[in-house]
Each structure stands twice: as structure tokens, then as C-alpha cells.
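Engineer: Please read through the structure below; I'll follow up with questions.
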Amino acid sequence: MDIIVQKYGGSSVGDLDRIKNVARRIKEKKETGAKLVVVVSAMGNSTDELLSMARRLSEKPRPRELDVLMSTGEQISIALLSIALNDIGCKARSFTGHQIELITEGFHTKSKIADINTSVIYEELDKDNVVIVAGFQGINTNNEITTLGRGGSDTTAVALAAKLGAVCEIYTDVDGIYTIDPGLYPNARKLESINYQEMMEMASLGADVMHPRSIEIAHNYNVPIYVAISTGESPGTFIKESDEIMEKTVITGLAVDSNDAMITVNGFPYNINFISELFRGLAEKHINIDMISQTTPVGNRISISFTIPRNDLDIALKSLKNLEKKTGPFNTETDTDIAKLSVVGMGMRTQSGVAARMFSVLAENDINIKIITTSEIRISCTIDPKDQSKAVSAIAKEFNL
């Protein structure tokens with residue numbers, strides 16, 4: 001059975017006319033003989049609107065109730081799309097995460113997919129139905145509705161494709177993956193293909209086209225992904241395993257993230273157990289840490305700087321405050337006025353001098369760096385946001401992005 005999993009983002013189903021257009025595209029695909037599973041996001045900005053309503057009622061709404069609330073957006077989308085499909089003679093049935101037994105684990109609003117029971121999906125495909133699945137949501141072992149966090153519909157689609165042995169097509173409001181967000185650099189080039197490792201780095205570093213967890217699943221299960229505009233007006237980008245042509249390019253893309261905060265802990269004890277406990281405490285709160293820098297010990301004290309998502313700042317500071325009960329007092333500084341620039345490319349594995357070129361360009365443009373980290377295929381640094389546009393343009397020209 002040749003199965004294709006398609007995912008349509010919120011902008012693709014933002015109003016009834018767009019839902020009708022998506023229905024027509026699905027019908028055309030089905031008429032080629034394909035068995036279709038379609039994952040749908042909430043309409044337009046409806047998730048943001050629901051979240052806004054909750055926060056107008058409470059400064060700190062309970063995560064459980066947020067999940068119950070936010071999951072309703074996708075339920076509306078799947079029902080409307082199923083209605084539209086059946087109206088044009090294309091048999092379809094809609095299902096929530098609960099109904100297909102998409103089992104999750106972890107915290108409310110940040111859950112992860114543990115397993116999917118595909119029996120209902122196969123039954124419906126055998127009946128020649130298009131299966132419409134709500135993205136972003138699932139059910140945990142306590143029978144509680146949970147959501148997967150921002151970009152969770154991508155994760156739902158790729159996980160379903162992995163479970164069903166299918167290819168995954170992501171349809172959105174952009175016509176593929178670019179070397180740089182065209183909104184930041186209009187001359188950016190669209191990529192014909194990008195490998196899993198580079199896309200995972202780009203997604204985790206601020207590129208909004210795909211969610212990092214979805215790419216991780218695709219990589220682990222070798223799920224080919226095609227990203228394209230929902231209207232089908234132009235060819236998209238393939239995300240796949242690396243090949244020889246990809247590795248000839250030194251830098252594949254540049255990502256920018258303005259949603260991080262930097263925490264610097266000064267006068268912290270130079271004790272590996274305390275350092276371990278600092279980061280373990282943050283991990284237990286499910287706070288993702290990206291960049292880390294530590295100074296040389298002076299008087300058995302060090303400074304540690306690291307970046308986290310800005311919306312996790314309050315939780316992180318509480319965790320550090322609790323740590324002082326064990327380590328004794330230390331000074332904590334925060335900086336929310338940062339922009340993180342990252343260049344990504346498999347070519348860095350074999351070609352030297354990328355860091356020198358990048359920092360030379362920044363120096364020539366009088367752009368100061370606050371913190372730097374590297375990995376095998378990426379270099380990241382934080383700068384003042386006012387220098388962001390200048391830095392993006394200069395780096396793009398240096399590396400022909």
C-alpha cells in the first residue's frame with residue numbers, strides 16, 4: 001500500500017476558501033491512486049487567539065487546561081476539511097489524536113510522541129477514505145489531552161509517516177527552504193535539497209519552516225520530506241540523507257533567532273558536582289540550553305554563560321535560586337537583548353577557515369560578539385540585535401548564500 005502523509009499548516013487552511021482549495025488538491029492526489037493521510041494545523045492564528053483568551057483570564061493558566069483549550073483548534077480544522085472533501089465526492093473521515101491513539105509522554109504543552117496505534121488508520125485507508133488527523137495533539141497514559149508544543153503538527157505528520165512507512169509532504173505558505181529567511185535577506189536562494197543534519201541544525205537555530213523534533217524523527221527513521229507551498233505554484237525542497245553534491249558546499253544556510261535569552265552566572269563554585277546540578281535542574285524543567293561558555297577558574301570561582309528560550313527565563317531563574325541553597329550565593333545576570341546568528345554546513349567537516357572568514361566579516365563591519373559556540377557543522381554567535389541586518393547581509397555575501 002503506497003501511503004503519502006501530507007501536512008497543511010495554519011495559513012493553508014486559514015479560511016473556508018483555502019480549505020476548499022486544499023480539498024481540491026487532496027482529491028487530485030487521491031485520484032492518482034495514492035492512499036492519503038492528511039495532518040492539519042489549526043486555522044490561521046487561532047491557536048494564538050485561544051492562548052490570548054486564556055491569559056486574559058489568568059496570568060498563569062494551568063498547563064492541563066491550556067492543552068484542553070488549544071487542542072480544539074485542530075479539531076475545527078479537521079472537521080471542516082473532511083466536510084469539504086466529502087462535498088466534492090472524496091470520501092474522508094476526521095480523527096483527533098485521542099481517536100487514533102497517538103500516545104504521548106512528558107509535560108503538558110511540551111509532550112513528546114511515545115507511540116501511535118495505526119490500526120484505525122489502516123482500517124480507514126482500506127475503506128478508500130482519506131484519513132484527516134489533527135496535528136499538535138495526543139493523549140497520555142492518564143487519558144489526558146496533551147499538546148506537542150509549537151510546530152507540533154510537523155512532528156505529528158513525520159511520526160505518522162515513520163510509523164506507516166510513508167513519504168511526508170509538508171505544505172505551507174512558503175515555497176521551500178531557503179539559505180536564509182527571505183524576510184531577512186531578499187536575495188536568499190531556495191535549496192533544491194538539504195540533508196537531515198543541516199536541517200535539524202537550521203530548525204533548532206531559528207529557521208521556522210520545520211520543527212526540530214520532526215527532523216529528528218525523519219532522520220532516525222529515514223523519512224523523506226518534501227516542503228512546498230500549498231498552492232503548488234512552484235517546486236519545493238527535499239529533506240533527505242546527505243549526498244556527495246551536498247557536501248561540496250561549505251555553508252548551506254544561515255539561521256537567525258531573536259527569541260533567546262542569555263544567563264551569566266558569576267562567582268559560581270568551580271565544582272563539577274555543582275555545575276552538573278545547575279544544568280540538571282534546568283533539564284528537569286525541560287529547558288533547552290544551546291550555547292554554553294565557561295571562564296578559567298579564578299580563586300576556585302568561575303563564570304558560566306548559556307542561552308535558553310526567552311519564555312523559559314523565569315523558570316530558569318527560579319531553578320538557579322533554589323541551587324544557591326546548596327552552593328552558597330552567586331551573582332546571576334540576564335540579557336534578553338540578543339540575536340543569535342548561526343552558519344550551518346556539512347562542508348565544515350572537511351574545509352577549514354570558515355570561522356576565520358565569518359569573524360573577519362563581522363570585524364570589518366564593527367559587529368561585536370557576546371558569546372560563541374561551535375559544533376562539527378555549525379558556528380553560532382550572539383550579537384546586538386541592532387547589528388542583525390548588517391551581519392546577515394555581510395555573511396550572506398561572504399558565503400554566497
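The values are calculated or read from the model by the stated rules, or taken from the named source; none is laboratory data. A quick note: this is a predicted structure, and the numbers were derived from the prediction, not measured. Don't worry about glycine lacking a Cβ; one is built from the backbone with ideal geometry, like all the others, and counts go over all protein chains shown.
Engineer: Kindly check whether there is at least one residue in region 207-228 that is assigned to a loop (DSSP other than H, G, I, E, B), polar (S, T, N, Q), out of contact with any Cys (no Cβ under 9 Å at 6 or more places or on another chain) and touching a residue at least 24 places away in the same chain (Cβ under 8 Å).
Structural biologist: Taking region 207-228 as the starting set, the residues that turn out to be assigned to a loop (DSSP other than H, G, I, E, B) are 207-211, 222-224.
With polar (S, T, N, Q) added as a condition, the list becomes 222.
Of the ones still in play, those that are also out of contact with any Cys (no Cβ under 9 Å at 6 or more places or on another chain) are 222.
Imposing the further condition that a residue be touching a residue at least 24 places away in the same chain (Cβ under 8 Å) reduces the set to none.
Within region 207-228 (the criterion being assigned to a loop (DSSP other than H, G, I, E, B), polar (S, T, N, Q), out of contact with any Cys (no Cβ under 9 Å at 6 or more places or on another chain) and touching a residue at least 24 places away in the same chain (Cβ under 8 Å)), the answer is no, since none of the residues qualifies.
Engineer: Taking Thr296 and the conditions (1) surrounded by fewer than 17 Cβ atoms within 10 Å (Cβ to Cβ); (2) in a strand (DSSP E or B); (3) over 30 Å from the mean Cα position of the chain (by Cα); (4) not acidic (Asp, Glu), which numbered condition does it fall short on, given that it satisfies the others?
Structural biologist: In the conditions (1) surrounded by fewer than 17 Cβ atoms within 10 Å (Cβ to Cβ); (2) in a strand (DSSP E or B); (3) over 30 Å from the mean Cα position of the chain (by Cα); (4) not acidic (Asp, Glu), Thr296 misses (2) alone.
Engineer: Out of Thr332, Thr374, which single residue is β-branched (Val, Ile, Thr) and at pLDDT below 90? I'd like the intermediate steps shown before the answer.
Structural biologist: Details: Thr332 fails: at pLDDT below 90.
Step by step, each of Thr332, Thr374 is checked, and only Thr374 is β-branched (Val, Ile, Thr) and at pLDDT below 90.
Engineer: Now a separate question. Taking the options Glu74, Glu65, name whichever one is in the same structural domain as Ile121 (by TED's automatic domain parsing), within 22 Å of Ser111 (Cα to Cα) and in contact (Cβ under 8 Å) with a residue 12 or more places away in the chain. Walk me through how you get there before you give the answer.
Structural biologist: Values: Glu65 fails: in contact (Cβ under 8 Å) with a residue 12 or more places away in the chain.
Every option except Glu74 fails the conditions.
Engineer: Quick test for you: out of Leu36, Leu50, Leu69, Leu80, pick the one residue that is touching a Leu at 6+ places or on another chain (Cβ under 9 Å), closer than 19 Å to Asn21 by Cα and surrounded by fewer than 22 Cβ atoms within 10 Å (Cβ to Cβ). Before the answer, list the steps.
Structural biologist: On the way: Leu36 fails: surrounded by fewer than 22 Cβ atoms within 10 Å (Cβ to Cβ); Leu50 fails: closer than 19 Å to Asn21 by Cα; Leu69 fails: closer than 19 Å to Asn21 by Cα.
One residue alone meets the criteria, Leu80.
Engineer: Oh, and also: In region 32-62, which residues are in contact (Cβ under 8 Å) with a residue 60 or more places away in the chain and among the basic types (Lys, Arg)?
Structural biologist: Passing the criteria: only Lys35.
Engineer: Select from region 112-126 the residues that are closer than 14 Å to Val37 by Cα and not in a loop (DSSP other than H, G, I, E, B) and list them in ascending order.
Structural biologist: Answer for region 112-126, where residues must be closer than 14 Å to Val37 by Cα and not in a loop (DSSP other than H, G, I, E, B): Ile116, Ser119, Val120, Ile121, Tyr122, Glu123, Glu124, Leu125, Asp126.
Engineer: Can you tell me which of (1) over 16 Å from Val131 (Cβ atoms); (2) among the charged types (D, E, K, R); (3) modelled with pLDDT of 95 or more is the one Lys112 doesn't meet?
Structural biologist: Checking Lys112 against (1) over 16 Å from Val131 (Cβ atoms); (2) among the charged types (D, E, K, R); (3) modelled with pLDDT of 95 or more, the one that fails is (3).
Engineer: Among the residues in region 254-268, are any of a type in the set (Phe, Trp, Tyr) and within 26 Å of the chain's Cα centre (by Cα)?
Structural biologist: Taking region 254-268 as the starting set, the residues that turn out to be of a type in the set (Phe, Trp, Tyr) are 268.
Okay, now just the ones that are also within 26 Å of the chain's Cα centre (by Cα), so none.
Checking region 254-268: not a single residue is of a type in the set (Phe, Trp, Tyr) and within 26 Å of the chain's Cα centre (by Cα).
Engineer: In region 156-170, what residues are of a type outside the set (A, V, I, L, M) and touching a Gly at 6+ places or on another chain (Cβ under 7 Å)?
Structural biologist: Filtering region 156-170 down to residues of a type outside the set (A, V, I, L, M) leaves 156, 163, 165, 168-169.
The one that is of a type outside the set (A, V, I, L, M) and touching a Gly at 6+ places or on another chain (Cβ under 7 Å): Thr156.
Engineer: Could you check region 177-217 and list, in sequence order, the residues that are over 17 Å from Ala228 (Cα atoms), modelled with pLDDT of 85 or more and among the polar types (S, T, N, Q)?
Structural biologist: Hits for region 177-217 are Asn187, Gln197.
Engineer: Looking only at region 315-343, filter to residues that are out of contact with any Ser or Thr (no Cβ under 7 Å at 6 or more places or on another chain) and of a type in the set (Val, Ile, Thr); which one of those is surrounded by the fewest Cβ atoms within 10 Å (Cβ to Cβ)?
Structural biologist: Checked region 315-343; the qualifying residue surrounded by the fewest Cβ atoms within 10 Å (Cβ to Cβ) is Thr336.
Engineer: Lys29 is checked against (1) out of contact with any strand residue (DSSP E or B) (no Cβ under 7 Å at 6 or more places or on another chain); (2) free of Cβ contacts under 8 Å to residues at least 40 places away in the same chain and fails just one. What number does that condition carry?
Structural biologist: So the condition that Lys29 fails would be (1).
Engineer: Which number in (1) surrounded by fewer than 20 Cβ atoms within 10 Å (Cβ to Cβ); (2) among the hydroxyl-bearing types (Ser, Thr, Tyr); (3) closer than 26 Å to Ile304 by Cβ marks the one condition that Thr382 misses?
Structural biologist: Checking Thr382 against (1) surrounded by fewer than 20 Cβ atoms within 10 Å (Cβ to Cβ); (2) among the hydroxyl-bearing types (Ser, Thr, Tyr); (3) closer than 26 Å to Ile304 by Cβ, the one that fails is (1).
Engineer: Right, another one. Of everything in region 212-236, what is of a type in the set (S, T, N, Q), surrounded by 14 or more Cβ atoms within 10 Å (Cβ to Cβ) and within 17 Å of the chain's Cα centre (by Cα)? Give them in sequence order.
Structural biologist: First, pick out the residues of region 212-236 that are of a type in the set (S, T, N, Q): 214, 220, 222, 230-231, 234.
Then keep just the ones that are surrounded by 14 or more Cβ atoms within 10 Å (Cβ to Cβ); that gives 214, 230-231.
If the condition is that a residue be of a type in the set (S, T, N, Q), surrounded by 14 or more Cβ atoms within 10 Å (Cβ to Cβ) and within 17 Å of the chain's Cα centre (by Cα), then Ser214 is the only one that fits.
Engineer: For region 1-33, what are the residues that are of a type in the set (A, V, I, L, M, F, W, C) and surrounded by fewer than 17 Cβ atoms within 10 Å (Cβ to Cβ)?
Structural biologist: Applying the first criterion (of a type in the set (A, V, I, L, M, F, W, C)) to region 1-33 yields 1, 3-5, 13, 16, 19, 22-23, 26.
Passing the criteria: Met1, Leu16.
Engineer: How many residues does region 310-367 hold that are farther than 19 Å from Thr179 by Cα, within 28 Å of the chain's Cα centre (by Cα) and basic (Lys, Arg)?
Structural biologist: Residues that pass the stated criteria total 2.
Engineer: Let me ask another. Please determine, by comparing only the residues of region 127-170 that are free of Cβ contacts under 8 Å to residues at least 60 places away in the same chain and assigned to a strand (DSSP E or B), which one is surrounded by the fewest Cβ atoms within 10 Å (Cβ to Cβ).
Structural biologist: Asn140
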